[in-house]
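The values are calculated or read from the model by the stated rules, or taken from the named source; none is laboratory data. Since the structure is predicted, the reported quantities are computational estimates derived from the model, not experimental observations. Note that each Cβ is placed from the backbone with ideal geometry, even for glycine, and that neighbours are counted across all protein chains shown. SASA here: full protein model, heavy atoms, side chains in, ligands and nucleic acids out. Shrake-Rupley method; radii C 1.70, N 1.55, O 1.52, S 1.80 Å.
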Amino acid sequence: MGIFNPEHGIYRLTEKIADLVILSVFWLVCSIPLVTLGPATTALYNTVVRCILGDERNSWVLFFRTFKQNFKVGALTSLVIVPLMAVLVILHEVLYQMALTDDVGYTLFFAYRVFLLLPIGFICYLFPVLSRFTFQVSGLLVNCGKLAIAHLPSTVLMAVIAFVALIVCSNVPILVMLLPTIVTCLHAFLLERIFRPYIKEQQPDVDDEEDDEDEM
């Protein structure tokens, strides 16, 4: 069957490239109500890790299954995060206008942009963590705050990646059809390394359960 074999390297590469666009479109459409931004981002991260960076198939099915499974906690978390993001954007615009008037305003605006790296980085943890672990909203927020502080360099780097992507999309809007998935891939390289020890901590429990079943 040659390159038309679903297991052929070129076929799989083409499939993953197509997923880069398709998953970005799914994320955009599912995020339109804003309250569903959380479930959509959770679904995007899980699908990117397992299908684009991994070797699983049926990305469409996995995306919407993850979206459904994490809808409640993801939507409730969105109700907390979306107003926070709105406040941060409003403050950004106010300080930008001040920066146009004098040097003091510019200094405040510059300092605020540096400060923004922390809340943006914190938000970058939320829905990837939800895709990997089970939390209620309060536990998700608290533990992501701890991760953001404990892994500050990665937190800042993820915020920079997200900020650059936002600037690129504002200048070249068509790239919004591709950048959500690319940004998620870049974040995943950092986050999966952070998650690995915590995932391993859960493995002994699974192994113990399997041993108990074998003894029975």
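Quick notes on this one:
- For the range 25-104: accessible area per residue (Å², 1.4 Å): 55
- Taking packing as the residue-averaged number of other Cβ atoms within 10 angstrom, the listed peptides 136-148, 102-114 run from highest to lowest as 136-148, 102-114.
- The order of 170, 131 by accessible area, most exposed first and with a 1.4 Å probe, is 170, 131.
- The range 128-189, accessible surface, carbon-and-sulfur percent (1.4 angstrom probe): 78
- Label-to-label distance, nm, for residues given as residue 103 and residue 56 (7 Å Cα→Cβ offset): 5.6
- Cross-link partners of residue 72 among lysines (Cα-Cα below 22 Å; sequence separation of 8 or more within a chain): none
- Surface accessible to a 1.4 Å probe, residue 192 within the full protein complex, Å²: 40
- Positive dipole terminus of the range 14-170, leading residue within 34, 63, 126 (C-beta point charges): 63
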